[in-house]
Amino acid sequence: MRLALKFGYNGNQFHGFAKQPNLKTVEGEIIKTLMENDYISDPQKSIFRFASRTDKKVSALGNVIAFNTEKSLDNIFSDINNQDDILFYGLKQVEPDFYPRYAKQRIYRYYLKKNGCDIDIILSAASLFTGEHNFSNFARIEEGKNPVRTIENIIIEDTKDYLIIEFYAQTYLWNQIRRIASAIEKVGMGKLNLLDISVTLEKPEVIVDYGIASAEPLILMDVIYDFNFEYNEYYLEKLKILKEKIVKKI
């Protein structure tokens, strides 16, 4: 059978998501745990895949992996929840061809320190990024990647210390959210204006670099599919503790 698991992790404790030789990474630790508990014997043979690869210091509360397994799932959560900084809390038996990268939507959250920013102009700046744009100047474009993406919505919550910026889209480019967050912050501090952002989006061939925001305040909140996961209530409660731990370090 093919199984999808939903999980969170504290990105501050790893050298990124993707497996790397001699480094502690999220993917590497997950594969090791699954193999030690006999859920997979080999990641290639089990067709181990993930929904989103996050950068070093970026955390997640709703990433997804999938793999083929023959082992009973009766004790899977107690078996594989053996680390303080990775927490599995949802599962779903999926179709044999399920590939977690083909999601309907991904939700990211960025905690932007207010630092005297003009909230109203930040709201206006964020709205410029919604819809379809060529994000060449607001991402690290890998060779062969289409720089055109659609951000469905950006929602901003004003809290005591932070502006919590949530991004809703199906797919993102490398560093896209952190570069957008940097530009939005600069507008809020008066270092850029709304026209600068508009022109940069409209003329992607003119190279502009507005910097990249820190990785620690970025969290992958959820990955959405056309099915619902089955959640373990005990570990769902523990997810709240993990979230508090992540946010406390921002």
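Read-outs throughout are calculated quantities, based only on the coordinates presented, and are distinct from any laboratory measurement. Here the structure is a predicted model, which is why all the values come from computation and not from measurement. Positions of Cβ are backbone-derived with ideal geometry, glycine not excepted, and every protein chain shown enters the neighbour counts.
Before moving on, here are some points about what is shown:
- Relative contact order [Cα under 8 Å, 6+ residues apart], the chain, whole percent: 26 percent
- At 1.002 mPa s and 20 °C, Stokes diffusion of the range 106-202 via Kirkwood alpha-carbon radius, µm² per second: 159 µm²/s
- Under a 5 Å amide H cut-off, with hydrogens placed 1.01 Å from N, Phe14 pairs with Lys57 among residues at least 5 apart or on other chains.
- Area projected by the alpha carbon convex hull of the chain, averaged over all directions, nm²: 13.9 nm²
- Only helices enter the 222 nm calculation for the chain: every DSSP H run of n ≥ 4 contributes -39,500 (n - 2.57), and dividing by all residues gives -7500 deg cm²/dmol, rounded to 500.
- Scaled against the 2.2 N^0.38 Å expected of a compact globular protein of N residues, the Cα radius of gyration of the range 1-91 reads 0.99.
- Rounded to 10°, Cα long-axis angle of helix 176-188 versus longest principal axis of the chain: 30 degrees
- Above-threshold pairs, the threshold being 26 Å between Cα atoms, out of Lys45/Lys240; Lys19/Lys57; Lys113/Lys145; Lys104/Lys186; Lys6/Lys113; Lys56/Lys114: Lys45/Lys240; Lys113/Lys145; Lys104/Lys186; Lys6/Lys113
- Antiparallel bridge percentage (DSSP; both residues within the chain; nearest 5): 95 percent
- Of Ile141, Ile86, Ile184, the one that fluctuates the most in a GNM where the chain has Cα springs shorter than 10 Å: Ile141
- Most to least packed among 15-21, 215-221 [average Cβ atoms within 10 Å]: 215-221, 15-21
- The range 91-122 and the range 164-194 have Cα centres spaced 13 Å apart.
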